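For reference, the structure discussed in these notes is given below.
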Amino acid sequence: MNPLKHVAIIMDGNGRWGIKNKNSRNAGHKAGLKTVEKIIKQTIKNKIKFLTLFAFSTENWKRPKKEINYLFNLLENFLLNRIEELHKQNIKLKILGVKNFSPQLNKLLNYCEKKTLKNSKLQINLALNYGSKSELVGAFKKIKKNKKNISEKNISRNLQTKHMPDPDLLIRTGNTKRLSNFLLWQLAYAEIFFEKKLWPAFTPNDYDRVIREFKTIKRNFGKI
Ligand code: FPP
């Protein structure tokens with residue numbers, strides 16, 4: 001059976017779920033957050049050490065301001081209400097992406113990261129204002145500045161995901177088959193599951209089913 005240390009998720013379909021069920025995209029984001037909470041619990045139950053969630057891409061700034069504000073309010077309230085509990089559960093929170101939000105949100109994100117830095121049960125990477133191409137450009141620039149060789153090792157070491165294993169499994173909900181500029185380097189050997197369900201409708205049972213199937217796959221990493 002395949003070891004499973006790191007799951008990455010593209011949580012797609014909030015908007016469509018919200019329009020269909022509540023006539024509001026934002027209601028979909030609110031429901032999506034409930035799924036996030038259930039999936040965190042299930043990740044712990046499955047003894048997985050790293051969970052990376054794509055919550056906001058560098059391209060998502062093109063959305064209407066009202067939706068962007070709603071999403072960031074949701075995030076802020078989630079962290080304010082839940083950070084103590086996450087900390088008590090020995091969960092470490094790390095932000096991937098460029099933290100250029102409001103001074104208030106930047107401060108809260110830094111506080112949450114610092115508070116949970118030494119926790120070790122589960123690391124949640126929240127990708128916010130994240131774009132993989134820009135992360136790679138940043139890594140190359142750092143290598144050049146430090147006058148180091150361009151090598152796979154040095155590239156990995158200069159990404160925001162240094163100190164963690166690459167994802168073994170990528171799940172994308174929402175019935176769309178693309179990577180959307182998410183962890184392009186790190187997903188080189190990941191097993192990819194595209195799920196038809198929209199993110200708010202994705203359940204812990206669906207998650208367990210994907211994990212079970214993942215565990216039966218023969219992973220060759222280029223060998224035979
Ligand atoms: C993609 O669905 C989802 C997002 C851009 C936001 C993800 C946010 C959440 C799951 C809730 C908030 C999470 C936290 C951690 C606060 P979409 O809106 O692109 O859906 P669509 O394809 O149906 O339009």
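All of the numbers you see were taken from the coordinates with simple rules; none came from a lab. The model shown is predicted, which means the values in this text are computed figures rather than measured ones. Neighbour counts run over all protein chains shown; Cβ positions are idealised from the backbone, glycine included.
Altogether, the Stokes-Einstein calculation at 37 °C and 0.692 mPa s, with the Kirkwood radius of segment 44-117 over Cα pairs as Rh, returns a diffusion coefficient of 241 µm²/s. Given the options TRP185, PRO167, ILE19, identify the residue whose Cα lies farthest towards the positive end of the charge dipole of the chain (+1 on Cβ of Lys, Arg; -1 on Cβ of Asp, Glu). Value: TRP185. The orientation-averaged projection of the convex hull spanning the C-alpha atoms of segment 1-70 amounts to 5.8 square nanometres.
What the Cβ-Cβ distance of ILE44 and ASN154 gives, at R0 = 45 Å and to the nearest 0.05, is a FRET efficiency of 0.85. Rounded to the nearest 0.05, what FRET efficiency is calculated for LYS177 and LYS133 with R0 set to 22 Å and r the Cβ-Cβ distance? Efficiency, rounded to the nearest 0.05: 0.70.
Sorting the Cα pairs of the chain by distance into bins of 5 Å, from 0 upward, gives 1, 6, 14, 18, 20, 18, 13, 6, 3, 1, 0 percent per bin.
The peptide list 161-169, 4-12, 110-118, put in order of mean Cβ contacts within 10 Å with the highest first, becomes 4-12, 161-169, 110-118.
Using 0.36 nm per residue and subtracting the Cα-Cα separation, the extra length available between GLU37 and TYR111 on full extension is 24.6 nm.
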